[in-house]
Every structure is written in C-alpha cells, then in structure tokens.
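To keep things clear, I will list the structure first and then write my remarks on it.
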Amino acid sequence: MNTILLQPTDVLFFRDGRPMTGSLAGHGAAWPMPNVINAAFHAALHRSGFAKEAHSHRRGARGVYADDAQRDRKFGSLVTAGPFPVKDGNAWFFPRPQDLQDATLQPGLLPTASFDSVQSSLSDPLEYAVANRLPPSKESGAKAWLSREAFETYLETASSTVTPDKLAEHMVDDSAFSDREHSIGIGIDPETGSQDGKSFYSAHYLRLREAWQFGVCASAEDKEFKHEQHGKDLITALLNGGRHQIIVGGQQRVCSAKSVAGVAIPLPCGKTDGFKKRNTRSLVKWILLSPAVWPSIAADARRNINAHPGGWLPNWINPHNGDVLLKAGDVARGESESREAWRQRTRQQGNISAKLVSAIVSKPLVVTGWSLPDEGGANDSERNGGAKSTHLAVPAGAVYYFEANSPEDAAKLAAALNWHGSDANSTTIKNRRSTLMGEKGFGLGVCGTWEFFPDVGGRSTQ
C-alpha cells in the first residue's frame, strides 16, 4: 500500500449528524472518520480522468445487484487505512488502548477471575468483569495517543522498546497536534451558489499544528487500468510521484497529498505467539486501531443465517457462548478462484478454538453522511439523495479479551485478528474485522496478551 501524508492548506471541517442551527456549532472539529478519508480519495480519482480506463462494476452490495447493463460504478478496488496523526512525516501515533489508565504502558484495567457472572448484569457472553488495579482517582494521567514504538512496547513485542525516561515524547493528547477554531458563516443558496441573505450558522473547524499531518495508507489495484510508469495502482498514478491537491471533508477544504516512497505500512505490529497462559488456556487480547461497525443481523432460515445483536459484539462471535466463529488457515480468495469455490473451501475449514470472555468498550461513535442526487441511481434512495444510513461504531482503543484452548489456537486467533496476519513484515493489510466498511479502514486491530487481576501485584479483589 502507498503511505501518504495529507497536509492541510487551511482549517478543515468534519461535521457529524448533529444540526448546525441556533447555538449548535455542528461539531466540525472532530478527528475525521476513516470513511471520510476514503471518500476524499474516491472523489479525487473521479476528478483525475481515470474513469474511462478503469474497470466498471455493477451497482449494489451483499448479493443485491443491478443488471449487467448498468456497470457504471468505478474505483471499487480502492482500500484505505487511517487517518492517524503524524509528526514530522515519520512519527505515527495511534489511539490509546482503553485498558491504560495512567501515564505508563502497564494496563490499569484487568479481567478479574474472582467474579460471579451468574449473579451480575454482565452482558452475554462475557464471563469476567474488568477491575481497576490502580488507586481511586478523579483524574487519569493517560494520554489519548501512543506512538508506534510505545504501542508495540505496550503489546510486548520485541521490535521496539521505549524507556521510561523517554515515555513523555511517545504519548500525546489531541491538543498537542490540533486546535479547534470557531467561526460564523452565512447560508448559501444552492440554486445560485451565492449567499441566501437570511440564514446564519456557527461552526467549529479543525486546525493541525505545525509539523503535524494526517497519515493514510491507500491503494487501488484496478484490473483494467494500465499506466506506463505506475502499472495498475490508481493511487500511485494519481499522485504521480509528487504532490496532489485533494479535497477532504466539508466546505471544499484542500489538503496537499504526498506519497512517502519506500516506507512499509507504519501501523504497529501485534503479537503472533508467546501468549501468557492460565491453566491450559492461552490469553489473547485484541485492540482496535480504528473503529469497527458490527450491525444487528436478523435470522434467515432460508440462508442458514442466525440472529446476532451486533453493536459492541463482533458478528464473528457467537452471542450465546462467546465462541470465535472465524476460520483457521488461509481464507483469502484466490485471484482466479470463483466466489462459489471460495465459499465451499472456507466452509470446510475448522473454526478457531477460542472464546471471548471480557471486553472494554466505551461509548459508540456515530457514522453517517449525505448523498447527492444521482439520476442514474439503481433505486429511489440513490436517485433522490439524502441522508445515508446511520451506524454506531465501536471506537478505536476498545479491548477484547479471549481465552484460546491451546498455544496453537492462540497463534491461529492472532493470525486472524492482527491486521498483518501472522506475518509481522506484511506489506499488505490482510485482516479488516469490521463487518461493514472494512475497505474504508474500519476494523483494524492488533493482538497482545493479558493476565488476570489476582495474578499481578497491588490491590486484591479478595
């Protein structure tokens, strides 16, 4: 994938679904969601003039498609990851895992074994509550973002070590790289493109501090696009080895996009083996680097689909007993493999022997948007435009705790959950564990290990 730095040329506007009327400012200074950056690159590809040379595909999704004659969709191969804050072009930062409660890299929250899940209101299928091993305090010394080196030290990987005396420079809050600015605007008449002379609004804007950029990974390998210099990669051709202006967010705000040559995917790498054990079970935890969307699924006996509540619980977890439903082994579809053959092969592979036993999940994020009218749309919703479906996403930093039946199953689970699979030197993102919008950068995560509360020093639950 291409590693790209986005440098804003002005303040940026990333509003959510809340209104911008009266005293409401629209909350436009939030850190952008992955789908916003993906949409920016998608729009840039349409403006580039590559559409005539790119592959066309049908409208629709999840088995509901328009006729073959309506193959007018473009750039379906676009996949992105990010954005993440980057300092000086090389120091990448990632959301803090939610089990860190102070200014160290030692988890303050741990699952406790001395807990009766039957007599509690703990959500199914969880077995252990999470307890705080730190003294009570009204304030948390934990910062919102960790550098890649600090994140890997927290995960107990051997690739990086951050010493305590240098820890401060590896942990930052939002205020270290961004400011929120307030402004008053005047409404625009959509027919004339000029001020309507009657409506006013207030808005918040995001301004990045000097030396900070948005870090993004992106690629678009198109099977019909052929460039003399850049091959099939539409993103490489778009940037053409230099800078390119990309509109990001609302109000036509511009960023300068620059590809960083020769850089591997800068995301932190998770553990692939060596997980701690308790009795015969191996202890694996999974931390989200980006938000994930797991929708509610209705039962469908005809298609052999069971109901699933979704929400905070991944759709690949059995909601009744916590069993992991992911398949062990290679489940990637081959380039020449038909969809039916791929499905038949994956059905025959066994599940990973592991179960979800605990979790730390904070308040959900609202993922929404707005579609412009499209006269050639496949349905009334596309033709008329309007608000997109609203989803609630589990925020980055959420922690999920698993017990695997053996070290071998723990390694298989890590290979299925790490964004890089079992290869810490992977040049591609292999796993995106969000049911929806994985191609837009949702559902990226890394694995670490954990231990029970009574097994560490400090306060006891007894």
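Taking into account only those residues within region 389-415 that are touching a residue at least 24 places away in the same chain (Cβ under 8 Å) and assigned to a helix (DSSP H, G or I), which is nearest to Ile317 (Cα to Cα)? Talk me through it step by step, then tell me what you get.
Of region 389-415, the ones touching a residue at least 24 places away in the same chain (Cβ under 8 Å) are 390-407, 409-415.
The next check asks that each one be assigned to a helix (DSSP H, G or I); those that pass are 407, 409-415.
Working: Pro407: 20, Asp409: 15, Ala410: 16, Ala411: 18, Lys412: 15, Leu413: 12, Ala414: 15, Ala415: 16 Å.
Going through the qualifying residues, I end up with Leu413.
Are any of the residues in region 258-274 among the polar types (S, T, N, Q) and without any contact (Cβ under 8 Å) to a residue 12 or more places away in the chain? No - not one qualifying residue is present in region 258-274.
Residue by residue, here is whether (1) modelled with pLDDT under 95; (2) at negative phi holds:
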residue: Ser290; (1), (2): no, yes
residue: Ile305; (1), (2): yes, yes
residue: Gly311; (1), (2): yes, no
residue: Asn318; (1), (2): yes, yes
residue: Asn321; (1), (2): yes, yes
residue: Leu326; (1), (2): yes, yes
residue: Ser336; (1), (2): yes, yes
residue: Arg343; (1), (2): yes, yes
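Can you find a residue that is touching a strand residue (DSSP E or B) at 6+ places or on another chain (Cβ under 9 Å), over 19 Å from Phe14 (Cβ atoms) and surrounded by 16 or more Cβ atoms within 10 Å (Cβ to Cβ) anywhere in region 172-185? Yes; the residues of region 172-185 include at least one that is touching a strand residue (DSSP E or B) at 6+ places or on another chain (Cβ under 9 Å), over 19 Å from Phe14 (Cβ atoms) and surrounded by 16 or more Cβ atoms within 10 Å (Cβ to Cβ). Entry remark, region 253-283: residues being farther than 30 Å from Thr153 by Cα and at pLDDT below 85 number 0 in total.
Among the residues of region 205-220, the ones that are touching a Ser or Thr at 6+ places or on another chain (Cβ under 9 Å), of a type in the set (Phe, Trp, Tyr) and within 15 Å of Trp145 (Cβ to Cβ) come to 1 in all. Could you check region 425-449 and list, in sequence order, the residues that are more than 20 Å from Leu283 (Cβ to Cβ) and either in the same structural domain as Val79 (by TED's automatic domain parsing) or hydrophobic (A, V, I, L, M, F, W, C) (or both)? Once the filter is applied, which keeps residues that are more than 20 Å from Leu283 (Cβ to Cβ) and either in the same structural domain as Val79 (by TED's automatic domain parsing) or hydrophobic (A, V, I, L, M, F, W, C) (or both), region 425-449 yields Ile429, Leu436, Met437, Phe442, Leu444. Here region 313-327 is the region considered, the condition is being farther than 16 Å from Val293 by Cα and of a type in the set (S, T, N, Q), and the residue that is nearest to the chain's Cα centre (by Cα) is Asn318. Scanning for something surrounded by fewer than 22 Cβ atoms within 10 Å (Cβ to Cβ), touching a Ser or Thr at 6+ places or on another chain (Cβ under 8 Å), at pLDDT 80 or above and within 26 Å of Glu169 (Cα to Cα), does region 75-85 turn up at least one residue? So far as region 75-85 goes, no, none of its residues is surrounded by fewer than 22 Cβ atoms within 10 Å (Cβ to Cβ), touching a Ser or Thr at 6+ places or on another chain (Cβ under 8 Å), at pLDDT 80 or above and within 26 Å of Glu169 (Cα to Cα).
Identify, please: which residue in region 361-397 is touching a Ser or Thr at 6+ places or on another chain (Cβ under 7 Å) and modelled with pLDDT of 90 or more and is, among those, farthest from Leu122 (Cα to Cα)? Here the answer is Ala396. Residue pairs whose Cβ atoms lie under 9 Å apart, separated by 6 or more positions or on different chains, with the first residue in region 8-32 and polar (S, T, N, Q) and the second exposed (fewer than 13 other Cβ atoms within 10 Å of the Cβ) and at pLDDT 85 or above, are Thr9/Gln245.
Annotation: of all residues in region 204-220 being more than 19 Å from Ala40 (Cβ to Cβ) and touching a residue at least 60 places away in the same chain (Cβ under 8 Å), the one that is surrounded by the fewest Cβ atoms within 10 Å (Cβ to Cβ) is Ala211.
Ala69 meets all of the listed conditions (1) modelled with pLDDT of 85 or more; (2) among the small types (Gly, Ala, Ser); (3) in the same structural domain as Ile186 (by TED's automatic domain parsing); (4) outside any loop (DSSP other than H, G, I, E, B) but one, namely (1).
Here's the yes/no breakdown for (1) under 26 Å from Arg432 (Cβ atoms); (2) among the hydrophobic types (A, V, I, L, M, F, W, C); (3) in contact with a helix residue (DSSP H, G or I) (Cβ under 6 Å, 6 or more places away or on another chain):
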| site | (1), (2), (3) |
| --- | --- |
| Ala176 | no, yes, no |
| Ile184 | no, yes, no |
| Asp189 | no, no, no |
| Thr192 | no, no, no |
| Gln195 | no, no, no |
| His204 | no, no, no |
| Arg207 | no, no, no |
| Cys217 | yes, yes, no |
| Ala220 | yes, yes, yes |
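The values are calculated or read from the model by the stated rules, or taken from the named source; none is laboratory data. Please read all numbers here as calculations on a predicted model, not as lab measurements. Glycine gets a Cβ as well: all are built from the backbone with ideal geometry, and neighbour counts include every protein chain shown.
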